[in-house]
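Data first, discussion second: the structure below is written as structure tokens.
Each value in this text was obtained by applying a stated rule to the coordinates, not by laboratory testing. In this text, all values refer to a predicted model and were calculated from it rather than measured experimentally. Neighbour counts run over all protein chains shown; Cβ positions are idealised from the backbone, glycine included.
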2 protein chains.
Amino acid sequence: MSGAALRTRTQPTAAWREIQAPVQERREAVVLEMRRVVTADQPLIEQVSSHLLQIRGKMFRPTLALLASETAETPDERVVTLAAVLELMHLASLVHDDSVDHSALRRGLPTVNSLFSHQVSVIMGDFLYSRALEALVSLGDLDLMRVLTHVSTQLTIGEMRQLAAVDTLAFTVEDYDMLIQAKTASLLSAACETGAMCGAIQHRRALRLYGERLGMAFQVADDILDYTETASVTGKPSGLDLKEHKVTLPLIAALPRLSRSDRGVVDALFAMDAPGDAQVAEVVALVARHGGIDDARRRGEQFAREAEDALDRLPDTQARTALADAILYVMDRRS
Amino acid sequence: MSGAALRTRTQPTAAWREIQAPVQERREAVVLEMRRVVTADQPLIEQVSSHLLQIRGKMFRPTLALLASETAETPDERVVTLAAVLELMHLASLVHDDSVDHSALRRGLPTVNSLFSHQVSVIMGDFLYSRALEALVSLGDLDLMRVLTHVSTQLTIGEMRQLAAVDTLAFTVEDYDMLIQAKTASLLSAACETGAMCGAIQHRRALRLYGERLGMAFQVADDILDYTETASVTGKPSGLDLKEHKVTLPLIAALPRLSRSDRGVVDALFAMDAPGDAQVAEVVALVARHGGIDDARRRGEQFAREAEDALDRLPDTQARTALADAILYVMDRRS
């Protein structure tokens with residue numbers, strides 16, 4: 001059903017609320033667990049934690065873990081702590097990303113670096129990550145630890161690749177794939193894999209693959225949004241990646257098709273310290289006109305199909321339907 | 001023997017080279033293990049790693065772990081990886097500290113934030129820590145993980161306390177103890193405890209206590225140096241803590257004894273955004289004149305005696321002698 005929907009777009013996309021409906025109760029338990037895990041007897045930490053738990057988003061990774069755990073009959077109570085660990089790891093990486101990027105807003109609220117300081121955000125990211133690991137250790141499962149410490153290294157390698165990718169117009173599709181695999185797909189994949197390890201171990205491989213392909217599709221969709229959506233919807237200025245000289249799939253796809261003079265326009269933007277809105281808009285238009293956005297969409301859809309295929313072997317449960325709907329959600333999201 | 005030496009100072013302090021002599025061979029294996037653990041297929045990471053492994057200091061924490069492991073007859077091969085993990089955790093926290101403090105030099109060489117960038121140092125600290133944890137997980141010992149993830153949280157809480165301690169002349173000795181316990185003693189204690197857990201498990205409690213008291217003595221000695229040594233010896237300007245409005249034990253001890261006008265001098269320094277060398281020198285002199293440094297020394301010696309006492313129950317081995325000598329080394333070091 002959802003496969004047909006993906007291919008023809010005749011079905012309306014499921015709202016996020018519906019996707020997480022099968023695990024609603026546990027999802028609330030995850031929020032409580034997150035609060036418990038980050039509690040510390042230090043006023044500044046308490047203050048930053050409250051702020052962070054308030055800017056919490058849709059809890060995509062915990063929801064995936066909970067759904068993965070419920071694809072079999074025997075979901076395991078440990079998944080609540082696991083899901084809290086996943087969201088805290090994600091939150092820790094966001095806090096450091098915002099600090100590294102000097103971002104002022106996250107989900108419409110001030111970032112830790114802007115509201116407190118750069119110092120506080122570095123330390124707070126470390127704190128969240130350490131506490132998450134302590135909670136993970138308390139589950140007493142070496143396999144879970146193996147998967148999640150590995151992913152955590154992948155996230156940092158992804159960040160480093162991201163830094164190295166700035167100002168690099170020679171960045172290839174393969175480079176891009178390696179970047180988004182490390183930066184985004186690794187954690188979504190681990191959320192699904194470790195979710196499966198809590199009660200649906202027989203689906204571990206399938207769910208790991210599903211999560212990985214979903215993650216690739218997710219990041220491609222995100223990078224397309226930067227070329228297509230305006231500030232009022234994403235909460236960040238359109239073309240921000242270009243402003244920051246970040247090379248993503250739409251540009252990579254368009255570059256080889258540019259005339260010498262059009263290529264000169266791109267080069268000029270990348271030579272400017274702070275490109276203006278007009279320069280950015282011109283390059284966005286060039287990328288669109290030369291099929292960069294269409295190409296990126298096709299590649300995103302390919303990843304989405306692979307995510308769907310990975311679900312084929314799972315039993316037909318509410319959780320599986322929700323996971324399939326999550327693919328559509330990722331492809332259609334506007335923020 | 002070393003106890004008498006500590007009390008009377010008639011024996012020359014053991015050189016660091018002698019302290020680590022009993023574990024010299026394994027110490028070299030630890031360096032190789034550190035290289036293995038931080039290897040990554042990413043050029044920027046390789047570049048920063050090489051720089052970091054080059055500014056490696058005396059490997060205090062690995063040496064303590066190796067010595068602790070050798071206090072019994074059955075040292076365990078896992079201690080080499082454990083020791084590498086400890087040093088990498090320490091290195092990760094130094095990289096983030098330097099970034100948070102905007103420090104330019106570490107052990108006489110440029111910091112990651114000054115040589116590369118702030119961004120690179122945040123990500124690299126995360127990378128080192130993640131890789132260290134992956135290596136730790138590979139040892140397959142939940143107890144080791146429990147101790148070290150807990151310590152890693154303590155380190156971040158210590159950093160947060162440190163931030164909160166800036167500009168706080170109301171900081172008490174108890175606040176200071178909590179700060180240095182979290183920031184410094186926790187990791188030295190864990191180095192000794194986890195070292196013991198690799199082959200000398202019967203001495204786990206004694207060595208944990210030894211490491212903790214040694215760590216307290218170590219940090220007190222460090223904070224005294226800031227009031228007593230000049231740039232040529234420490235590699236950092238004397239009085240740097242005061243310049244940065246950091247309240248440490250010598251000042252805390254002196255404050256209640258200051259006359260109203262002397263207190264005014266301290267308040268004035270803390271009200272200045274960037275106190276000059278003259279202001280700093282004046283407060284350093286005030287602290288010394290009012291016995292702040294002597295008081296701090298007495299407290300440091302108390303911690304050192306407690307560290308020695310903790311070694312009482314250990315069998316008389318080369319490793320135990322080296323651990324006792326390490327106390328003297330910490331008390332007498334000039335850098």
Using only Cα positions of region A:2-326, each an equal point scatterer, no hydration layer, compute I(q)/I(0) via Debye at q = 0.10 Å⁻¹ and quote the log10 values to two decimals.
-0.60
Among B:Gln279, B:Ser259, B:Thr230, flag the residue with its Cα farthest along the positive direction of the charge dipole of region B:221-335, charges on Cβ as +1 for Lys/Arg and -1 for Asp/Glu.
B:Ser259
Cβ-vector label at 7 Å, A:Glu301, separations to other copies in nm
8.1
Only four residue types carry charge here, +1 at the Cβ of Lys and Arg and -1 at the Cβ of Asp and Glu. Report the dipole size of region A:2-326 about the Cα centre in Debye, rounded to the nearest 20.
400
Relative contact order of chain B, pairs being alpha-carbon contacts under 8 Å that are 6 or more residues apart, as %:
23
With axes computed from alpha carbons, what is the tilt in degrees of helix A:60-69 against the longest principal axis of chain A, rounded to the nearest 10 within 0 to 90?
50
Simple label model, 7 Å out from Cα along Cβ direction - B:Lys58 to B:Arg35, nm:
2.4
Say a label goes 7 Å from Cα toward Cβ at B:Ile201 in every copy; what distances in nm does this one have to the rest, shortest first?
2.5
Could you give the length gained on full extension between B:Thr168 and B:Ser117, defined as 0.36 nm per residue of separation minus the Cα-Cα distance, in nm?
15.4 nm
The rounded separation in angstrom of the Cα centers of region A:137-165 and region B:184-221 is 28
Copy-to-copy spacing for A:Gly276, label 7 Å out on the Cα-to-C-beta vector, in nm, shortest first?
4.5
Can you put A:Thr168, B:Thr63 in order, fewest other beta carbons within 10 Å first?
A:Thr168, B:Thr63
Helix-only [θ]222 nm of chain A, DSSP H runs n ≥ 4, -39500 (n - 2.57) each, per residue, nearest 500:
-22500 deg cm²/dmol
Helix B:318-332: inclination vs chain B longest Cα principal axis, degrees, rounded to 10, gives 20
Per residue, how big is the convex hull around the C-alpha atoms of region A:257-302? Give it to me in cubic angstrom, could you?
78
Give me B:Met145, A:Met34 ranked fewest to most by other Cβ atoms within 10 Å of their Cβ, as a rough exposure proxy.
B:Met145, A:Met34
How are the alpha carbon pair distances in region B:236-314 distributed across 5 Å bins from zero to the largest one, expressed in percent?
3, 15, 23, 20, 14, 8, 7, 5, 3, 2, 0
5 Å is the cut-off here: which amide hydrogens, built 1.01 Å from N in the peptide plane, fall below it relative to A:Arg106, excluding neighbours closer than 5 in sequence?
A:Thr111
On a straight-distance basis, which lysines could pair with B:Lys243 in a cross-link, Cα separation under 24 angstrom, same-chain partners fewer than 8 positions away excluded?
B:Lys183
Counting other beta carbons within 10 Å of each Cβ, put A:Val85, A:Val287 in order, fewest first.
A:Val287, A:Val85
One-quarter of the Cα convex hull surface for region B:38-195, in nm²?
10.2
Spin-label pair A:Glu46/A:Asp175, simplified geometry with 7 Å Cα→Cβ offset, distance in nm:
4.8
Residue closest to axis [chain A; rotation mapping onto B; Cβ; Å]
A:Val122, 3
Does region B:110-239 come out rounded, prolate or oblate by the C-alpha gyration tensor, with a ≥ b ≥ c the root eigenvalues, rounded set by a/c under 1.5 and, if not, prolate when a/b is larger than b/c and oblate if not?
oblate
For A:Ser259 paired with B:Asp76, estimate the spin-label separation in nm (one decimal), with each label point 7 Å from Cα along the Cα-to-Cβ line.
7.1
At q = 0.05, 0.08, 0.09 Å⁻¹, what is the log10 ratio I(q)/I(0) for the protein assembly as shown, with the Debye formula run over Cα points and no solvent?
-0.27, -0.66, -0.82
If r is the Cβ-Cβ distance from B:Leu105 to A:Asp309 and R0 is 41 Å, what FRET efficiency results, to the nearest 0.05?
0.15
Which shape class, rounded, prolate or oblate, goes with region B:119-163 when its Cα gyration tensor gives a ≥ b ≥ c as root eigenvalues, a/c under 1.5 marks rounded, and past that a/b bigger than b/c marks prolate?
oblate
